[in-house]
Each structure stands twice: as structure tokens, then as C-alpha cells.
Amino acid sequence: EDQVTQSPEALRLQEGESSSLNCSYTVSGLRGLFWYRQDPGKGPEFLFTLYSAGEEKEKERLKATLTKKESFLHITAPKPEDSATYLCAVPDAYSGAGSYQLTFGKGTKLSVIP
Amino acid sequence: DAGVTQSPTHLIKTRGQHVTLRCSPISGHKSVSWYQQVLGQGPQFIFQYYEKEERGRGNFPDRFSARQFPNYSSELNVNALLLGDSALYLCASSLGRLTGELFFGEGSRLTVL
């Protein structure tokens with residue numbers, strides 16, 4: 001069974017203090033790894049797709065990287081508005097039509113203190 | 001452009017009752033998925049519909065059912081509610097195939113007393 005483990009569960013950073021979030025996975029034949037951001041009381045918002053080891057994607061202060069066993073979400077000089085829960089997910093199954101069925105990790109709750 | 005819309009946003013039910021949750025996908029999106037998110041956990045896959053056909057079902061009991069209508073909107077039904085069904089129910093739509101880029105609605109918060 002595919003497994004996705006995120007660490008740490010929670011992270012408090014001072015504004016401007018860079019850090020990384022980890023997502024480790026055990027899947028057979030990775031078809032992609034996806035990062036989402038979720039604000040309290042909202043649905044997840046798609047951030048990145050990574051398909052192969054060595055791939056990197058960037059968006060503002062966020063950079064996602066992928067190895068054969070884990071992915072990192074690097075946050076550079078975070079601001080309070082970056083506070084959210086960050087979720088990673090992998091495809092669990094594909095029916096041959098439509099989108100992937102995703103297995104999500106439990107997420108990392110990031111708090112950025114001014 | 002309107003995003004994924006879900007209704008109702010909040011509801012309270014008692015054990016044994018049933019509930020119907022509704023979802024309208026983004027215009028042009030033919031794939032709709034339902035996820036359950038319990039507090040402190042990541043979303044868990046329940047159902048996927050594509051072109052009005054069920055294309056996937058997660059590890060949920062038969063009390064959970066869903067359908068997709070000709071206009072691609074969808075309903076999730078849960079019968080014989082249990083306390084453990086209390087959760088945020090998320091609907092997501094997507095444009096194409098072979099994608100993990102899902103567009104989520106804000107969810108329906110169900111509380112079972």
C-alpha cells in the first residue's frame with residue numbers, strides 16, 4: 001500500500017527564517033508527486049507537480065524538489081502569509097480516465113511569526 | 001471564473017440520519033472527486049467520477065454513495081450516519097486525464113451528534 005509521511009507535523013518560523021518541509025513516500029512506479037497548500041477552513045490549493053528525481057519547481061518563496069524516496073518543500077525568507085498547512089500527495093490508482101486518485105500525507109502546519 | 005462550489009457549507013445531523021452534499025465543478029471540468037478530511041489528517045479519497053461514470057472508489061463502506069449528473073455536477077450521499085462521519089467533505093474537479101492537479105471547493109463541514 002502506498003504511504004506518504006510528512007515531517008515535521010508542525011513548524012514555527014520567524015519571518016525571514018528559511019526552512020524545509022519533508023515528504024517521504026513509498027510507491028511502486030511513481031507517477032508524480034503533488035504539493036498543495038491548505039488554509040484553515042478552506043480546500044487545498046494546488047502548488048506543484050514533480051515527476052522525476054532531480055526535478056525542481058519554484059513559485060515565489062517556495063521551491064519543491066524530488067528524489068527517489070522523498071520530496072522537500074523549501075521556504076525561503078517566509079512571510080506571515082505563508083502560514084498554512086502544506087500537503088503532499090501521490091497517485092494511488094488510475095482508472096484510465098479523469099484525474100489521479102490521490103493519497104495525501106497528514107500535512108505540515110507552518111506558522112510564520114512576524 | 002467560478003471555482004468549485006459546494007453546498008451546504010456547514011450542517012449538523014444526528015446519528016442514523018442521512019445527508020446529501022452537492023458539488024458544482026469548474027465549467028469544462030468533467031472529472032469530479034470526493035475526499036473526506038478528518039481534523040488533523042490529510043484528505044482521504046472517497047469517489048471519482050468521470051463523464052458521469054464511477055471511475056474509482058476508496059475504502060469507504062457502502063453507506064457512502066455518489067453520482068454525477070449530465071451537467072457534471074455531483075452529489076455525495078451518506079446513509080446511517082455515525083459519529084465518525086464528522087469531517088470536512090471536499091469536492092475536487094479537474095480538466096484532463098492523468099493529472100494530480102485538482103481544484104478543490106471549500107468543503108462541506110458535517111457534524112454528527
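The values are calculated or read from the model by the stated rules, or taken from the named source; none is laboratory data. Quick caveat: nothing in here was measured; it's all calculated off a predicted structure. A quick note on method: Cβ atoms are made from the backbone with ideal geometry, for glycine too, and the neighbour counts reach across all protein chains shown. The protein model used for the area step is the full one, side chains on, heavy atoms only, and it has no ligands, DNA or RNA in it. Shrake-Rupley method; radii C 1.70, N 1.55, O 1.52, S 1.80 Å.
Quick notes on this structure:
- Residue match in the range A:88-111 (condition: facing another protein chain (nearest Cβ under 10 Å), surrounded by fewer than 20 Cβ atoms within 10 Å (Cβ to Cβ), under 15 Å from B:Glu101 (Cα atoms) and touching a Ser or Thr at 6+ places or on another chain (Cβ under 6 Å)): yes
- Selection status of B:Gly3, under 17 Å from A:Gly43 (Cα atoms), out of contact with any strand residue (DSSP E or B) (no Cβ under 6 Å at 6 or more places or on another chain) and either surrounded by fewer than 18 Cβ atoms within 10 Å (Cβ to Cβ) or touching a residue at least 60 places away in the same chain (Cβ under 8 Å) (or both): yes
- The range B:45-63: number of residues that are modelled with pLDDT of 95 or more and surrounded by fewer than 12 Cβ atoms within 10 Å (Cβ to Cβ): 2
- Selection status of A:Ala64, open to solvent by less than 40 Å² (accessible area, probe 1.4 Å) and facing chain B (nearest Cβ under 7 Å): no
- Among the residues examined, A:Pro78 qualifies as of a type outside the set (Val, Ile, Thr), within 15 Å of A:Ser20 (Cβ to Cβ), in contact with a strand residue (DSSP E or B) (Cβ under 8 Å, 6 or more places away or on another chain) and in contact (Cβ under 8 Å) with a residue 12 or more places away in the chain.
- For the range B:45-68, a residue qualifies if it is of a type in the set (Lys, Arg) and either at the interface with chain A (Cβ under 10 Å from one of its Cβ atoms) or not in a loop (DSSP other than H, G, I, E, B) (or both), and the qualifying residues are B:Arg55, B:Arg57, B:Arg67.
- Any hit, the range B:17-24, residues being β-branched (Val, Ile, Thr), farther than 16 Å from B:Phe104 by Cα, surrounded by 14 or more Cβ atoms within 10 Å (Cβ to Cβ) and over 11 Å from the mean Cα position of the chain (by Cα): yes
- Tallying residues that are of a type in the set (Asp, Glu) and surrounded by 20 or more Cβ atoms within 10 Å (Cβ to Cβ) within the range B:64-113 yields 1.
- Inspection of the range B:19-34 identifies at least one residue that is more than 10 Å from chain A (Cβ to nearest Cβ) and under 17 Å from A:Tyr36 (Cβ atoms).
- Only a single item in (1) small (Gly, Ala, Ser); (2) crowded, with 20+ Cβ neighbours inside 10 Å; (3) not in a loop (DSSP other than H, G, I, E, B) is not met by B:Gly42, and it is number (3).
- Total residues in the range B:77-113 satisfying the condition of being in a loop (DSSP other than H, G, I, E, B), at the interface with chain A (Cβ under 8 Å from one of its Cβ atoms), in contact (Cβ under 8 Å) with a residue 40 or more places away in the chain and aliphatic (A, V, I, L, M): the figure is 1.
The rows are residues; the columns are (1) out of contact with any Gly (no Cβ under 9 Å at 6 or more places or on another chain); (2) within 8 Å of chain B (Cβ to nearest Cβ); (3) open to solvent by 20 Å² or more (accessible area, probe 1.4 Å); (4) part of a loop (DSSP other than H, G, I, E, B).
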position: A:Ser20; (1), (2), (3), (4): yes, no, yes, no
position: A:Cys23; (1), (2), (3), (4): no, no, no, no
position: A:Leu30; (1), (2), (3), (4): yes, no, yes, yes
position: A:Trp35; (1), (2), (3), (4): yes, no, no, no
position: A:Pro40; (1), (2), (3), (4): yes, no, yes, yes
position: A:Phe46; (1), (2), (3), (4): no, yes, yes, no
position: A:Ala53; (1), (2), (3), (4): yes, no, yes, yes
